[in-house]
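In what follows, a single structure is set out as structure tokens and then discussed.
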Amino acid sequence: MPSTLKRGIFHIIGTLSIVVAALLLPKMALLVSLAVVTFFFLAFEFLRLRVSAVNKRFSRYFRSLLRKEEVSRLTGSSYVLIASLIAFLAFSKEIALLAICFLAIGDAAATIVGKSWGKRMILGRTIEGN
């Protein structure tokens, strides 16, 4: 399976797992859980970026899911967790759920289309993917 497709599927499943948790948990339990997961994920990310042995092992294990630039900076998963937490803090549960669903499907679809069929570039992105 091409890495772009594998990454897109992983992104959709991972992001939609936040939606499933939001549907099953009361808002306060969701906020606490999401904050804890985000905190520990970011703590690991910063550790990984500071300790080369951890980063090498992480990069080797998740090679097919990482973009080249994510080896030396935060992964897209960090931004999804942060954005999800902000969405649930700032908006009603229903609006946040919808926004996260759009993120899960739209971002992955844009990447898959752009990488697979994109030909015309503007500002480092393909028109087809956008």
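What does the accessible area of Lys6 come to, in Å² to the nearest 10, when a probe of 1.4 Å is used?
Taking all protein chains as shown, Lys6 has close to 80 Å².
About its Cα centre, how strong a charge dipole does segment 12-80 have in debye, to the nearest 20, once Lys and Arg get +1 and Asp and Glu get -1 at the Cβ?
Its charge dipole is roughly 340 debye.
Counting Lys and Arg as +1 and Asp and Glu as -1, what is the net charge of the other residues whose Cβ lies under 14 Å from the Cβ of Asp107?
Residues near Asp107 contribute +4 overall.
Which helices count as membrane-span-like in the chain under these terms: full DSSP H, at least 20 Å along the axis by C-alpha, Kyte-Doolittle mean of 1.0 or more?
Those that pass (Cα extent of 20 Å or more, hydropathy at least 1.0) are 3-24, 27-50, 76-90.
Charges at C-beta only: +1 for Lys and Arg, -1 for Asp and Glu. How large is the resulting dipole of the chain about its Cα centre, in Debye rounded to 20?
In debye, rounded to 20, the chain gives about 620.
What does the highest-first list of 20-26, 72-78 look like by mean Cβ count within 10 Å?
Top to bottom by mean Cβ count within 10 Å: 72-78, 20-26.
Need one value: the accessible area of Glu45 in square angstrom, 1.4 angstrom probe, rounded to the nearest 10.
0
Arg73: net charge of surrounding residues, Cβ under 14 Å, Lys/Arg +1, Asp/Glu -1, itself excluded?
After counting each charged neighbour, the total is +1.
Just need the relative contact order of segment 14-118 here, percent rounded to a whole number, with Cα pairs under 8 Å and 6+ apart.
In percent, rounded to a whole number, it is 40.
Which order, highest average first, do 110-118, 79-87 follow once you tally other Cβ atoms within 10 Å for each residue and take the mean per peptide?
79-87, 110-118
In Å², and per residue, what accessible area does segment 1-60 have when probed at 1.4 Å with the other protein chains present?
Here the residues of segment 1-60 average 65 Å² of exposed surface.
Roughly speaking, to the nearest percent, how much of segment 40-102's 1.4 Å accessible area is carbon and sulfur?
68
Let me check I've understood the local charge: for Ala21, count other residues with C-beta under 13 angstrom from its C-beta, Lys and Arg +1, Asp and Glu -1. What total comes out?
So the environment of Ala21 carries a net charge of +2.
Among Ile13, Val51, Leu97, pick out the residue whose Cα is farthest towards the positive end of the charge dipole of the chain, where Lys and Arg carry +1 and Asp and Glu carry -1 on C-beta, about the Cα centre.
Ranked along the dipole, the leading option is Val51.
The values are calculated or read from the model by the stated rules, or taken from the named source; none is laboratory data. What you see is a predicted model, and the numbers here were worked out from it, not measured in a lab. Methodologically, a virtual Cβ is constructed for each residue, glycine included, from the backbone with ideal geometry; neighbour enumeration extends over all protein chains shown. Ligands, DNA and RNA are stripped out before the accessible areas are found, and what is left, the full protein with its side chains, is counted by its heavy atoms. Shrake-Rupley method; radii C 1.70, N 1.55, O 1.52, S 1.80 Å.
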